[in-house]
Amino acid sequence: MKTLNKKGMSLLEVMVVVLLIAGLAAMAYPSYLSSVEKGKALEAIRIVSNTVAAQQQYYENNGSYATSFSDLDFDITGKNITVSADAATTDNFSYALGESTVSATHNSGSSYTYTISGNYTEDYILCTVGRDAKNDKKICSTLGKQYTDNIYIVE
């Protein structure tokens, strides 16, 4: 009777498997980062959209726009949100009230620099990027349709 000689995997076989897994991970990582950033952008869109709606309601009731988040009829407070009179900050964005707009600027410490803004008087939300911001354009283009070269209308 012949016995089988059982061997483990060779070092070469292990290296090939590790290289294949590393290659697949390297291809998937940019998509993962883009998905995470899109999720962060949706946070900004939600707060900007709620602010625009609240400003329009405030205008209906008072004849002018609010100059403070605390005057608006929605609760912007929550986990990791710091609110002052005309500004708010989360882990991902800094929000500012203007005369007719609210803007959400991506916080520094990241390669992304896009801005999401909403206009109270004309009722729109835009995603704006810098001139050569390739990654920012990818994020903004997934959020809406292109309006001009660096401005995307968020749908």
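The values are calculated or read from the model by the stated rules, or taken from the named source; none is laboratory data. Nothing here was measured: the structure is a model prediction, and the numbers come from that model. Cβ: placed from backbone, ideal geometry, glycine included. Neighbour counts: every protein chain shown.
Structure notes:
- Count - residues of the range 54-74 that are in contact with a helix residue (DSSP H, G or I) (Cβ under 9 Å, 6 or more places away or on another chain) and either among the acidic types (Asp, Glu) or in contact (Cβ under 8 Å) with a residue 24 or more places away in the chain (or both): 6
- So ASP86, is it free of Cβ contacts under 8 Å to residues at least 24 places away in the same chain, farther than 18 Å from SER34 by Cβ and in contact with a strand residue (DSSP E or B) (Cβ under 6 Å, 6 or more places away or on another chain): yes
- Some residue of the range 59-73 being surrounded by 14 or more Cβ atoms within 10 Å (Cβ to Cβ), assigned to a helix (DSSP H, G or I) and touching a Phe, Trp or Tyr at 6+ places or on another chain (Cβ under 6 Å): yes
- Hey, SER64 within 17 Å of the chain's Cα centre (by Cα), within 20 Å of GLU122 (Cα to Cα) and at pLDDT 85 or above or not: no
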